[in-house]
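The values are calculated or read from the model by the stated rules, or taken from the named source; none is laboratory data. Since this is a predicted model, take the numbers as computed values, not measurements. Don't worry about glycine lacking a Cβ; one is built from the backbone with ideal geometry, like all the others, and counts go over all protein chains shown.
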Amino acid sequence: MKVLFLEQQPCIRALKYAQGLKNTNEKIELIFAYMSKSLTEFYGHGDELFEKTLKLNETEDLSRQIARIIEKENIDLIHSHNFPDYLTVAAVEAANKKVPVIHDIHDLISIRQTPYGLYKPDDPKVLQTEKQAITEANAVICVSSGIESIINEKYDLENKPVLVFPSFALSAFVPTNFKPKLSESDNQIHIVYEGH
């Protein structure tokens, strides 16, 4: 089976899915098509989990590019991550009902109070694209049961499969050797901040 992952920018979920699929006994080939950076460019690793990584050209029609990948690589399944939702819409058009498209929802622009980059939650075109991606994909994966509840209330899913798959940590990411807590040596409270 050949699976095409589509993303504008790399997401840690793609890396987790790829690692999980590679750990199965199934013969699954993974191809990663992206618009900004590859997983390795973004996280420092991850491209090695895919048989191919392909950069999409933002100035060329996305549906045509995806259709060429489907044809050339003999794709069996497309796994498109939001945001933006227009990649899923382009994938549905390119697949032309010959290849199933899964829409993986991490965030909904329609419930945001703040923009997502250039995309504003009150833009009718952005909202229509969200609806189209969710309702036209063959199946939907949600990062939480809260997202699942919202899409079930907002959109007619016509009995399509919907799966809640939280963003769990891979066992490889969980440390096994813990250092002693700083507070054990001085009985003080220590705050550790990680992030940007």
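Brief remarks follow.
- Taken over the stretch 97-130, the criterion of being more than 17 Å from the chain's Cα centre (by Cα), in a helix (DSSP H, G or I) and surrounded by 14 or more Cβ atoms within 10 Å (Cβ to Cβ) is satisfied by 110, 126, 127.
- Being surrounded by fewer than 18 Cβ atoms within 10 Å (Cβ to Cβ), closer than 16 Å to residue 13 by Cα and of a type in the set (Gly, Ala, Ser) is a property that holds for residue 44.
- Condition met for residue 140 (of a type in the set (A, V, I, L, M, F, W, C), farther than 29 Å from residue 19 by Cα, surrounded by 10 or more Cβ atoms within 10 Å (Cβ to Cβ) and touching a Lys or Arg at 6+ places or on another chain (Cβ under 8 Å)): no
- Taking the listed residues 150, 134, 189, the one that is assigned to a loop (DSSP other than H, G, I, E, B), hydrophobic (A, V, I, L, M, F, W, C) and in contact with a Ser or Thr (Cβ under 9 Å, 6 or more places away or on another chain) is 189, with no other qualifying.
- Residues of the stretch 26-66 satisfying the condition of being more than 22 Å from residue 86 (Cα to Cα) and part of a helix (DSSP H, G or I): 40, 41, 43, 47, 48, 49
- If the condition is being among the polar types (S, T, N, Q), over 12 Å from residue 136 (Cα atoms) and out of contact with any Asp or Glu (no Cβ under 8 Å at 6 or more places or on another chain), then the stretch 86-123 contributes 113, 114.
- Test: residue in the stretch 129-147 that is more than 23 Å from residue 15 (Cα to Cα) and among the aliphatic types (A, V, I, L, M): no
- None of 63, 80 is within 18 Å of residue 31 (Cβ to Cβ), within 14 Å of the chain's Cα centre (by Cα), at pLDDT 95 or above and among the polar types (S, T, N, Q) except 80.
- For the stretch 67-89, filtered to residues that are of a type in the set (Ser, Thr, Tyr) and part of a helix (DSSP H, G or I), the residue that is surrounded by the fewest Cβ atoms within 10 Å (Cβ to Cβ) is 86.
- Only residues that are among the hydroxyl-bearing types (Ser, Thr, Tyr) and either without any contact (Cβ under 8 Å) to a residue 24 or more places away in the chain or closer than 15 Å to residue 83 by Cβ (or both) were counted across the stretch 3-25, and they come to 1.
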